[in-house]
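Q: Pasting a structure below so you can have a look.
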Amino acid sequence: MDLAENPVQFATLSFHKRDTIRLLQFPDQLYTSLQPAILASWPPGIEASGPFADSPGSYHFKLKGRPFAWRTSQDSVGGARLVRDLLAFLHHFNWDLVMPLSCAQRLSSKDLLIFRPRPPSAAPSLPMEWLAVAPAKSDRLFIIGDSQPAFETPRAVSEHTPNHVVWLTMTLTRTLQELDVFQSSETKYNWVEYKLKGRPWMKGGEDGVKTRIVILRILELLHHCGWSAHTSVQHRTGNDDRRMLDTMFFMRPKGLAVDSPPMRSPLQPVPGELPPYSTK
């Protein structure tokens, strides 16, 4: 095969330190379009931008604030929302995610995301809405709904109300209560912060079985509501004492109508499943 006759251009998006986005091998015109999308998603703004490391096709944005830190709810939500909007931007402009990749051994390192352009012959993608699900600290869970992307045609003001987040979190709250992990929740405009019982993200071994069941129930609920898993990304800066958790990102066609999910016992297997794991 002559690679010159069949070029495949891959590109990368990566996160560095607590405040830097780097892109490699995307078209130069994409960087110009990306700047207003970042400003709309991250209100503190951009401190500096431009090529980096004398690499052809490279570009970086150094942001004000700390979107990739982890110590506050604002860091957790703002950073996850920014990554969500970057994924939505690239999907909108016909760049498909190939894989997330961890390619550095430092505990403070974050994921590298690899993309390739969608073939010109591919059918145009449907308008999508996006959702981020972010475990954080030892006992927090953030559900971060969609907002109006800067690169899309503006919608009517009434359409900004994230009703799908309200309905989803009401159902998720009931599920977490049935699993006996719900402690409290706080609802903002388009995101909800759950405080969970028992520090589930610190559990391991047999004690971690219930944590895995919580994740499975969340995925089942989202699947029923029409959300497809897009990727998971580790985009927060850790340290030698604590490994950062992945944020999960989901998407679904806009305007999708979904019925309420069937309710069942939290540990009841669905048809065809093996019985729930037990250590007794």
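The values are calculated or read from the model by the stated rules, or taken from the named source; none is laboratory data. Bear in mind the structure is a predicted one, so any value in this text is a computation, not a measurement. As a convention, Cβ positions derive from the backbone with ideal geometry for all residues, glycine included, and neighbour counts pool all protein chains shown.
Q: Between Gly204, Gly226, which is at positive phi and either within 17 Å of the chain's Cα centre (by Cα) or at pLDDT below 80 (or both)? Spell out how you get there, then give the answer.
A: Numbers: Gly204 fails: at positive phi.
Only one candidate passes the filter, namely Gly226.
Q: List every residue pair whose Cβ atoms lie under 8 Å apart, where the two residues are 6 or more positions apart in sequence or sit on different chains, the first residue falls within the stretch 169-193 and is within 14 Å of Ile213 (Cβ to Cβ) and of a type in the set (Ser, Thr, Tyr), and the second residue, located anywhere, is surrounded by 16 or more Cβ atoms within 10 Å (Cβ to Cβ) and modelled with pLDDT under 90.
A: So the pair list comes out as Thr175/Pro266.
Q: Could you say which residue among Leu87, Leu113 is at pLDDT 90 or above, out of contact with any Cys (no Cβ under 9 Å at 6 or more places or on another chain), closer than 23 Å to Glu47 by Cβ and not in a strand (DSSP E or B)?
A: Values: Leu113 fails: not in a strand (DSSP E or B).
Of Leu87, Leu113, the one residue that is at pLDDT 90 or above, out of contact with any Cys (no Cβ under 9 Å at 6 or more places or on another chain), closer than 23 Å to Glu47 by Cβ and not in a strand (DSSP E or B) is Leu87.
Q: Report, by residue number, each residue of the stretch 139-175 that is farther than 19 Å from Ala80 by Cβ and modelled with pLDDT of 90 or more.
A: Thr173, Arg174, Thr175
Q: Any chance you could count how many residues in the stretch 17-59 are in a strand (DSSP E or B), under 20 Å from Pro100 (Cβ atoms) and among the polar types (S, T, N, Q)?
A: Residues meeting the conditions: 2.
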